[in-house]
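Structure first, commentary second.
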Amino acid sequence: MSKAELVEKIAEQAKLTKVDAERALKAFINVVTVSLKEGEDVALVGFGTFSIGDRAERQGRNPQTGEVITISAKKVVKFKPGKALKDEVGG
């Protein structure tokens, strides 16, 4: 689903204009992003939890040359689905 399709569905279900739905979606994304940057997890009961994790430095391969390369350590965004979401989608 594209962002435009998501905005359209939010607008329909929440009885908002597309402009208001897009503004709400942008605000949600911004709040989650800022919270994660500040080291805070974002837990939405029944949906899931967004958090930041560390990925260790590791060895990889350049797929074009086969050369072994070192992939730097970095922070990654993680999402752990909540029980209600898992149950709803059959997981």
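Bear in mind these aren't lab numbers, they're just calculated from the coordinates by the rules spelled out. Not measured: the values here are computed from a predicted model. Please note: Cβ atoms are built from the backbone with ideal geometry, for glycine as well, and neighbour counts cover all protein chains shown.
Can you pull out the GluC sites (Glu not before Pro) in segment 47-91 whose DSSP state is coil and whose Cβ has at most 13 other Cβ atoms within 10 Å?
57, 67
Full extension from residue 19 to residue 77: what is 0.36 nm times the residue separation minus their Cα-Cα distance, to one decimal in nm?
Computed gain between residue 19 and residue 77 is 18.1 nm.
Based on other C-beta atoms within 10 Å, arrange 77, 32 from fewest to most.
By the 10 Å Cβ count, ascending: 77, 32.
Before rounding to the nearest 500, sum -39500 (n - 2.57) across all DSSP H runs of length at least 4 in the chain and divide by the residue total; then give [θ] at 222 nm in deg cm²/dmol.
About -13500 deg cm²/dmol.
Running Debye on segment 3-89 with equal point scatterers at the Cα sites and no solvent, what base-10 log of I(q)/I(0) appears at q = 0.25 Å⁻¹?
Listed by q, the Debye log ratios stand at -1.16.
5 Å is the cut-off here: which amide hydrogens, built 1.01 Å from N in the peptide plane, fall below it relative to residue 52, excluding neighbours closer than 5 in sequence?
Result for residue 52 returns 78.
Once the Cβ-Cβ distance between residue 33 and residue 55 is put in as r, and R0 is 25 Å, what FRET efficiency do you end up with, to the nearest 0.05?
0.85
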